[in-house]
Structures are given as C-alpha cells and as structure tokens.
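Q: Sharing a structure, written as structure tokens. Questions coming.
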Amino acid sequence: MTRTRPLLLFVGGLAVLGGAALALPHGHPPTADTPIAATVGKPVLVEVFTSQGCSSCPPADALAARLAREPGLVVISRPVTYWDRLGWKDTLARESNTALQQNYTQAGLAGYNGIYTPQVVVNGSFGAVGSRAEDVTAGIARYAASGDAAIRVVKQGEAGYAVDLAGTGAGAGAAELVLVAVTRHVEVVIGSGENGGRRVGYANVLRAERKLAGWNGGKASIVVSPAQLAVPGADRYAVVLRQPGGGKVLAARWLS
C-alpha cells in the first residue's frame, strides 16, 4: 500500500503537518525570571520536538535546557525530519521522532494537539508550543502526579542497574519499559535555512531507544546491563514506562 506524506504547512513560523492544527504565535524566549513549575513526587517526562530548520525553535531549545536542570523532570529533545525538505538536513533528526509525534497527534493530546515545531509533550498526554514557558510549566504541574506506576532504580556496581516497577497502570493495559539513550548537550552550527549561521544548543538529545520488557501491572524487576549502556555518543540514560504507539506515559526516571 502506498503511503502519502502529510502536507507540510508553514504558519506563523511554525511547521504544521496536514493542516490539522492552526499555529499559535511565537512564544517569548525564556528569561531568568521565567517561572519553572516545581515538581514533586515522581519525575515527569518532557519530550521536545524541534528542528534545526525551524526559526521558532531556538527559544524552545533554550527553555528545554533550563527544564533539563530540574531534578523532577526527564527532558528529552527529539529533533524531527520534516523540515529537512527545505534544504538543510537536521544533523540530529530521527524518523522515529517524527513517527512518535504523529502517533501522539493521532491519539489526541490535551492542551494543544497537532504536529508542529516546536512542540512539548508532557507524559504523553499534554501538548504545548515549546517556546511558551507558561503553557509548558502549567502542563508539567498538571501531569506531575498523573502516572499510575512507579520506577525505582538501584545501581548494582559493575553489573549495571536494577529497575523495579510497581503499580496498577489504572487499567491502562499493556505497557513497555523503554531504555532511552541521550547526549546531555549538543551544540550545532547550522549551515543554511531559517537558522543559517546560528549556533544552537540542545539538551538531552535522543541517540537511541530500545524496549527492555513488557509490563501489565504489578511488581517486576529488570536488569539494565553495562552492554546496554554503551550507545555511541550517549552519556546519559533514562527508563520510560509507556503505552506503545504514542500512548500515555506511566512513569519515567533517569538512571543517573
């Protein structure tokens, strides 16, 4: 079966796929006084869909870097591929990031749904324009306690990590534990396109992800071996418990 590519529209400096959503105006760049929502309890997963070819994205990338310093957040930058057709190929983009963003839209997000950059998705349930600090932090505060599962991580010396799962999932059905490998900080000099000539920094850039185990509720323990923590270019790892195919995120935690 032939699969057509979605139509890419450019509205107000945002890239919007398929015209399913109208772009909001540019958000204001975060400043030193921009409030960051305090989180308590379990960490919150914050995924940032961005592109080197998007002129609206650097303020969102700067906000992501600030959020990445918050101990209660698992921030992951996910550069997408659909801006590449304009001539500058994003050096960090992955098709899997684009596919996940499409899956989120198909599932339907609270907040601001759609496929666009910059976009932040909180716990797989809430979407916001990634440069709008107030909307992003409101979503973090709203979903800080939304998970129905918990992850406990124990370092086991040279043997890696023990990852203990517990909870009910609140009837969420099958879930999967995913190991996510990132690079804490990447700086890119962008050669052309809307950001041509700019040097942009990215926080916790996705390098690889792999399913470790399935989960249907209750207690479980999974060992993450040193061999699994040897992804080229990665210097930090997280575990994410989520419904597959762009579903709800039940829990997330950094390994270190």
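Q: Between Ser96 and Leu229, how many nm apart are label points set 7 Å from Cα along the C-beta direction?
A: The two pseudo-label positions are separated by 1.9 nm.
Q: Place the peptides 121-130, 102-111 in order of packing, highest mean first, counting for every residue the other Cβ atoms within 10 Å and averaging per peptide. Numbers along the way, then the final one.
A: On the way: 121-130: 25.8, 102-111: 16.6.
So the order, starting with the most tightly packed, is 121-130, 102-111.
Q: Counting only other residues whose beta carbon sits under 11 Å from that of Ala150, what net charge do I get with K and R as +1, D and E as -1? Don't skip to the end; give the middle numbers.
A: Numbers: positive: Lys42, Arg152, Lys219, Arg253; negative: Asp148, Asp164.
Charge balance in the 11 Å sphere: +2.
Q: Separate question: Given a Förster radius of 30 Å and the C-beta distance between Gln106 and Ala145 as r, what FRET efficiency does 1/(1 + (r/R0)^6) yield to the nearest 0.05? Walk me through the numbers on the way to the answer.
A: On the way: r = 26 Å, r/R0 = 0.86.
The formula returns an efficiency of 0.70 here.
Q: While we're looking at this one, here's another question. Please give the length that would be gained between Asn216 and Arg199 if that part of the chain were fully extended, namely 0.36 nm times their separation in residues minus their C-alpha to C-alpha distance (nm, one decimal). Before the final figure, lay out the partial values.
A: Details: separation 17, 0.36 × 17 = 6.12 nm, distance 4.42 nm.
Fully extending the segment from Asn216 to Arg199 adds 1.7 nm.
Q: Then there is this: Quote to one decimal, in nm, the extra length available between Arg152 and Ser192 on full extension: 0.36 nm per residue of separation minus the C-alpha distance between them.
A: The span from Arg152 to Ser192 would gain 10.0 nm if fully extended.
Q: Here is a follow-up. Sort region 38-174 into rounded, prolate or oblate with this rule: let a ≥ b ≥ c be the square roots of the eigenvalues of the Cα gyration tensor; rounded if a/c is under 1.5, and if a/c is not under 1.5, prolate when a/b is larger than b/c, oblate otherwise.
A: Numbers: a/c = 1.70, a/b = 1.52, b/c = 1.12.
It comes out prolate by the Cα gyration axes.
Q: Under 5 Å between amide H atoms, partner at least 5 residues away or on a different chain: which partners does Val178 have, H built in plane at 1.01 Å?
A: The answer is Leu212, Val240, Leu241, Arg242.
Q: Taking amide H positions as placed in the peptide plane 1.01 Å from N, state which residues far from Arg198 in sequence (5 or more) or on other chains have amide H under 5 Å from it.
A: Amide H neighbours of Arg198, under 5 Å, 5+ apart: Ile190.
Q: Can you classify region 118-215 as rounded, prolate or oblate using the Cα gyration tensor, where a ≥ b ≥ c are the square roots of its eigenvalues, rounded means a/c under 1.5, and otherwise it's prolate if a/b beats b/c and oblate if not?
A: Values: a/c = 2.61, a/b = 1.44, b/c = 1.81.
It is oblate, given that a/c is not under 1.5 and a/b is not larger than b/c.
Q: Which trypsin sites (Lys or Arg not before Pro) from region 194-225 combine a DSSP loop assignment with at most 11 other Cβ atoms within 10 Å?
A: When the trypsin sites (Lys or Arg not before Pro) of region 194-225 are filtered for loop state and at most 11 Cβ neighbours within 10 Å, Lys219 remain.
Every number here is computed from the coordinates shown, using simple stated rules; none is lab data. Here the structure is a predicted model, which is why all the values come from computation and not from measurement. All Cβ positions, even for glycine, are placed from backbone atoms using ideal geometry, and neighbour counts span all protein chains on display.
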